[in-house]
Structures are given as C-alpha cells and as structure tokens.
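The values are calculated or read from the model by the stated rules, or taken from the named source; none is laboratory data. Just so it is clear, the structure is predicted and the values come from calculations on it, not from any experiment. Glycine gets a Cβ as well: all are built from the backbone with ideal geometry, and neighbour counts include every protein chain shown. Note: accessible area is taken over every heavy atom of the protein model, side chains too, but ligands, DNA and RNA are not part of it. Shrake-Rupley method; radii C 1.70, N 1.55, O 1.52, S 1.80 Å.
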Amino acid sequence: MNTQEFLTQISAASEERKILEIISSSGPLKKLEGLYDTPLDLLGSSYLDNPYLRNALLQDLSKDHFSFRSYVKALKGLDPEDPKGLSILSFMMALSIEVEEPLVQRNILYPFRNHFLENREESFGLYCYLLYFALPFEDYPVLKNYKTYTKQIQEAAPIEHFPEQFSLMQFLFQGNPLQIGKGNSGGLSTFLLQLGKALTNSMEISQVFTLSLRDISQERSTYHLIQAFEPNHYSISIPFHPGKDPNFINNHSFLKAMVSVVLEKLKLNPNIYHVRYLNDASLAMAKLAQEKKRSLVLTLTPDPHRSMVREDNLRVIGHGYQEGIEKIHKIEVGKKLLEITQGVIGIGGEKAKERLLHYFPELNLMPRNKPFQMISEGIDIHLPIKQRMDIEKVLLSSKHRFSIDPKNLTKPCILNVGRLHPLKGQQRLLEAFYQSGAYEKYNLVVIGGNFQTPNEAEADFLNFEQKYLKAHPELRGNYLHIPGIPNNTVRLIERKINGLDNSDFPNIYFCSSEKEEFGIAILEAMVEGFIAIGPKVGGVSTYIEHGVNGFLGDSQKVSDLEKSLREIISFSQGDPERIGVLKKNSRKTIEENYSMEAISLKFAEFYRGVLDYEKRK
C-alpha cells in the first residue's frame, strides 16, 4: 500500500496537513525540536496533544539513549501548577518503560502527588511506572484505589509449566472472554476460548494462556488475575485503564509494563506470543516477545487497506483527516509487526491470500522458509449441551427487554447475535425489520449487550430501541432482546428455535455488520440449521456462496438490509425443497471446512513450524 499516495487524498486543514507531514517524515523528533526553544516547551506544546505525534516522538526518543537526556534534565523546571504537568510526566514515564530506565525521579513526582486523581489515565500510568520499576507507592494517595489489583499481583503464585512441550499466549485486547456478547466481547472471544480448549487437548501444546484486559475505569465485578477455563487453559486478566484510546496509541507502554510485571510474578514465559490486531497493543506485545526471546505469530487481515482503495480498480479513496491518519498509522504498525514476527497467519483461502500479498508487499520479501499460511477460524460443531431449556418460555419471558407475544410463536425467527455497536448494525437491522414489513411474517430476536452496566455504545442502542418500539407499537410482540449470554446458551437457543418446526418459512440468521473479518456467530448459526445472510465486505464471502449455502448482501445502509430481507423471504416462499437443499449445503460447508478439531490441528502444526524455523535460524 502506497501511503504517500493515500496521504495526498486526505482532506485536511493546514495544521492537520502539517501534522501528517511530520508523522510521515523520517525524523519527527528533529522536525518538532526545530519548532521549539527548549525540550519542556516541546513536551508542553499543543502538538503533543495529538496522540500520533506524541507516539512518533516517543519512538524517536527511545531509539537513542543520548537524545532524551536533555528532556530528563528539563523536568527540574516543571511547575506542579502547570496544566500540562501530568501529561508531560506521563509521557516521560512511558519513555522510561521504553528505554528500561526510571527517568522520572521521586523529587520530580512528589510535588504532583495530590494532582493524580482517581480513575484518570495519568494515575494509572503512575501506577504502572512504579510497579514496573518496583518503586514505593506510599507517597501517592490515589494508588490506594488499586490495592485489589496490587494485592493479587504481588500474591500471585507461579504457574507450573511443562518444558517438554511448548506453551502459547494469545491476546484478546478488546472484550472479556468470560462475558461474551457484553461490552466489546464478540466472536473472537468465542473462537479463542474454543481454540484454547482444543489446543490443550493436542499432544503438542502443554498450556494456553488467553490474556485479556480488565477495564478498571468501568468494571466493578470481583477481580481475578488468573482463572482456569479448562485444565491447562487459563484466562489472565490484566488491569488496565484504556481511557479514550481504543488503539492504545498513548498507553501501549503502560500495557507492556503491566503484562511484563504479571508474567514475572507468575513465572510465565510462553514459547509463542500470538497477536491479532494491527494496533500499538500488538506492537507492545511484539517488543515484549523480543525482549523475552520468544516467537511472535501475527494474524493478518486486509484491513484497513481494503477500505482505502476501490475493489474494482484499486484506486485510492479519499478520507477525512481523523480517519485517514488512523488508517496510515495502522499500516505502519503492520509493517513493523511483519518485520518482527516469526510467522504469519491469514484468514481465508487463496483469494484472501492474493489480497494480503497485494496490500502487504512485505510478505513477498520475507524469507521463503518463514511460516506463512492461510488458516480459517472454526467452531465446535458437535457442541454437547447438557442444560435443559423451554424455548417457548424464553421467547415469552418478560424478564428480557420486550418479548414475543404468544400468538406469534408460530412465526419463524430472524436472529442476530453479537456485541452492541454501530459497526454491528443492530439499529439498522431493527429499522429494516420494520420498514421491509418482515415483522408480519417473522419475529426478530437480538442477543447481546450488557443491560446492567452498559458502555456508551450499548446505552445508545438501548435508548434507540426503547424509542423505536414506542414509535412503532406494531413491532411489540414480534421483537425480543436478550442480553449477552454464554456461547453454549446461544447455541442451545438456536437448536431449540429450529426444533419448533412451526412454519413453512426458514429461521434466518442475519449478520447486520458493516463488515466481518470472519464471523464465528454466522458459522454457529449455519451449523444449527439457520439460513445465514452476511455482509459482502470482509471474510464471509470465503465460505458463503450466494444462493447456494447462504446469502451475501450490502450492509452499509438500512435500505441494503431491507433488500436482503425481501430477497431471502422471496427465496423461501413456497419452496421447502429449495430451502432444504440450501440448509444441507450450509451444514456441509461448515462440517467439511470449519470444525474446531481440524482447525486446531492446523494451528498446532503451524506453531510447531514457527519454533522449528527459529531453531534453524
């Protein structure tokens, strides 16, 4: 991807254009230093309010242990009443972690001790800094708020490991694997849980550690640093304050510090670190893997690249400043990860591989024997579920938000499962369900979200949902919203709904996302007998063939979803034989290509290949 060409297509004001030029230059540090008289002026400048410039300066300073000495000396002139004081200290503490040296001494920090406030990013940065360098806490009253986390980390017992086999650490930076369907927990959480279980059943891998983040600014439930999902598959929950930085541009150094401290306490050093995002959190874990002399595996997808060019002619698409700078940064992170990684996994088949090779020319420059393989995600096809369920009672229950009217139990269901977020499109789906008139023939069942302590995106949808059903009372009795529930319970609901067999129309699984990299929930619905509709954009087209084993459609607008609903209802009308063939094809696709048993063997073999590659080097 030619980022310089993309830069010219970004709509930006003059000051924004200047920021883009500095970031894309070979030496941001020199350009920035040329604008200010002293290091303190630079650190307190409005330029450093920009996370991308701040990150560029951090990376430049950390490359040369002489370049930052003047910045350390400048801290002596920092006034506790300076409104930029905490921001400057936070930057220098992050730099300290990058260069492995405590640059901010007690005499600099102490005057600010009462400026660090509860539930602020700067306070959490201070906590990470002191914890990482084993410095005393008692001077800082705010750190008493972290005593639960400190206690569990300090008292953590080492985990027994088995050197005759290798171990894996897989990272989940968005969502909680123990709260699937709530907050940011979606299909990847489900996949990593099932993959971890399958891998530990193999002869190759002794232990799997799924590392996720505990959002200490939001989460109030009981905290556990480490829990066992299955024998030898563990969840490690790292306390973290993400702030308003979902891509970890400002706080990746503190994330690296926290993970490093926890791994040291647990005496853990897994053989393989596997990251799956093009963001600074993945880059921080890649650097940690380097420091610990461990192998890194990267799952690569054609994002953000495919949203930057037109698919038909590969011409660059123009973007606004904020979206454009975010995409460029992700591309640069991807390039750095490809330099560091010892193995690359792509999702999908040969078409997906061709796309990756086009968007990431660096793949063609890798050593020929460096492992690079396309491995799809998968599901547990024959999931045994022991719990019992009265599905009619579930559909009629008034405990959930809205419920199905008893007279509508004979209608088939349109099902949507996933976290509540604008990208997932539940709002568009609800509008399309009404505007298409689908509610006359179908019930709509949405599963996902945290009703008790919703995040901002969840609260927005729940408010919209309440108002929309009030404005359109004819939807009441045809609509049910269940909060995020465990994956096994979702699968049981799907089985029970299909077991009702009370209509000539098929049950539909409607993925309303703007794009899906793969779509675990779609696979699960297909194997349970639902006819699936998925978005054209993303990886769903690698396993759904339109009209053969499911349907594909545009999903950017409400009218797109309306069109898909009308098409599938028309397809289903009066031809049960055609529906039966499509369902059979759907299940066959999953059974032959996406069983977790087969997929996990491919992952285990790939990981072994990565370790062998490292030995040969």
- Query: L365 versus R495, label points 7 Å from Cα toward the beta carbon: distance in nm?
  - Reply: 5.1 nm
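If r is the Cβ-Cβ distance from K293 to M389 and R0 is 51 Å, what FRET efficiency results, to the nearest 0.05? Don't skip to the answer; put the middle values down first.
Details: r = 49 Å, r/R0 = 0.97.
That gives a FRET efficiency of 0.55.
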- Message: Please compute the per residue accessible area over segment 257-347 with all protein chains in place, 1.4 Å probe, rounded to a whole number of Å².
- Response: 34 Å²
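Of the heavy-atom accessible surface of the chain (probe 1.4 angstrom), what whole percent is carbon and sulfur? Show your work: numbers first, answer last.
Values: 13020 of 27130 Å².
Carbon-and-sulfur percentage of accessible area, whole number: 48.
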- Per residue, how much accessible area does segment 542-608 have with a 1.4 Å probe, in Å²? 52 Å²
- Under a point spin-label approximation (7 Å from Cα along Cα-to-Cβ), what is the N488-V99 distance to one decimal in nm? 5.2 nm
- Query: What list of ³J(HN,Hα) values in whole Hz, one per residue of segment 355-364 in order, does the Karplus curve 6.51 cos²θ - 1.76 cosθ + 1.60 (θ = phi - 60°) give from phi, with Gly and Pro shown as x?
  - Reply: 4, 4, 5, 6, 6, 10, x, 4, 4, 6
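Return the FRET efficiency for the residue pair N107, D41: r is the Cβ-Cβ distance, R0 is 22 Å, and the value is rounded to the nearest 0.05. Walk me through the intermediate numbers first.
Details: r = 22 Å, r/R0 = 0.99.
It comes to 0.50.
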- Message: How large is log10 of I(q)/I(0) for segment 405-460 at q = 0.12, 0.15, 0.16 Å⁻¹ when the intensity is taken from the Debye formula with one equal scatterer per alpha-carbon?
- Response: -0.33, -0.50, -0.56
- Note on the structure: Helix 280-291: inclination vs the chain longest Cα principal axis, degrees, rounded to 10, gives 60 degrees
- Item | Nonlocal amide H pairs with I414, under 5 Å, H built at 1.01 Å | N443, L444, V445, I508
- Once the in-chain neighbours fewer than 8 apart are removed, the aspartates and glutamates whose Cα is under 13 Å from K467 read E431
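Based on the inverse mean of 1/r over its pairs of different Cα atoms, what is the Kirkwood hydrodynamic radius of the chain, in Å?
Values: mean 1/r = 0.0382 Å⁻¹.
By the Kirkwood definition, the hydrodynamic radius is 26.2 Å.
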- Report, as a whole number in µm² per second, the diffusion coefficient that Stokes-Einstein gives for segment 439-500 at 37 °C and 0.692 mPa s using the Kirkwood radius over alpha carbon pairs. 250 µm²/s
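Ranked highest first by the average count of other Cβ atoms within 10 Å around their residues, in what order do 277-286, 423-432, 29-38 fall?
Values: 277-286: 24.1, 423-432: 21.8, 29-38: 14.4.
So the peptides 277-286, 423-432, 29-38, ranked by packing, come out 277-286, 423-432, 29-38.
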- Take the Cα atoms of segment 497-617, build their convex hull, and give its volume per residue in Å³. 110 Å³
- In whole Hz, what ³J(HN,Hα) sequence does segment 396-410 give by Karplus (6.51, -1.76, 1.60; θ = phi - 60°), x for Gly and Pro? 8, 4, 7, 6, 8, 6, 6, 6, 7, 6, x, 5, 9, 5, 7
- Full-extension gain in nm, D405 to Q59, via 0.36 nm per residue minus C-alpha separation: 118.7 nm
- Message: Just to confirm the number: angle between the C-alpha axis of helix 252-266 and the first principal axis of the chain, 0 to 90 degrees, nearest 10?
- Response: 90 degrees
- Treating cross-link reach as a plain straight distance, find the aspartates and glutamates whose alpha-carbon is under 13 Å from the alpha-carbon of K411, omitting any fewer than eight places away in the same chain. E392, E440, D501, D504
- Task: Rounded to the nearest 0.05, what FRET efficiency do N593 and E323 give with R0 = 41 Å and r taken as the Cβ-Cβ distance? Could you check?
- Result: 0.75
- Message: On a full-extension model of 0.36 nm per residue, what is the gain between F137 and K563, subtracting their alpha-carbon distance, rounded to one decimal in nm?
- Response: 147.4 nm
- Query: Which of the pairs K330/K583; K515/K584; K293/K515; K327/K557; K197/K267 have their Cα atoms more than 28 Å apart in this structure?
  - Reply: K330/K583; K293/K515
- Task: Quick one: which residues, 5+ away or cross-chain, put their amide H under 5 Å from the amide H of I10? H built at 1.01 Å from N.
- Result: H319
- Task: List, in order, the whole-Hz ³J(HN,Hα) value for each residue of segment 556-566 obtained from phi through the Karplus relation with A = 6.51, B = -1.76, C = 1.60 and θ = phi - 60°; use x for Gly and Pro.
- Result: 7, 10, 4, 4, 5, 5, 4, 4, 5, 4, 5
- Note on the structure: For segment 178-289, the Cα-Cα pair-distance distribution in 10 Å bins from 0, as whole percents, is 12, 45, 38, 5, 0
- Relative contact order computed over segment 54-155 (Cα-Cα under 8 Å; 6+ residues apart), in percent: 23 percent
- How would you order 255-266, 561-572, 591-602 from highest to lowest mean count of nearby Cβ atoms within 10 Å? 255-266, 561-572, 591-602
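What accessible area per residue comes out for segment 1-145, rounded to a whole number of Å², with a 1.4 Å probe? Spell out each step's value before the answer.
Numbers: 7050 Å² over 145 residues.
In whole numbers, segment 1-145 has 49 Å² accessible per residue.
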- Amide H of G550: which non-local residues (sequence gap of 5 or more, or other chain) have their own amide H closer than 5 Å, using H built in the peptide plane? E545
- Query: In whole percent, what relative contact order does segment 489-617 give with Cα contacts below 8 Å and a gap of six or more residues?
  - Reply: 22 percent
- Note on the structure: The simple spin-label model distance between E350 and D575, using points 7 Å out along Cα→Cβ, in nm, is 3.0 nm
- Item | Estimated [θ] at 222 nm from DSSP helical runs (n ≥ 4, -39500 (n - 2.57)) normalised by residues in the chain, nearest 500 | -13000 deg cm²/dmol
- Task: Working from Cα positions, state the angle (0 to 90°, nearest 10) between the long axis of helix 426-435 and the longest principal axis of the chain.
- Result: 30 degrees
- Query: What percent does the relative contact order of the chain come to when contacts are Cα pairs within less than 8 Å and at least six residues apart?
  - Reply: 13 percent
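Pulled fully out, how much extra length does the chain show between K267 and R69, if you take 0.36 nm times their separation in residues and subtract their Cα-Cα distance? Can you show the working numbers first?
Details: separation 198, 0.36 × 198 = 71.28 nm, distance 3.35 nm.
Once the chain is fully extended between K267 and R69, it gains 67.9 nm.
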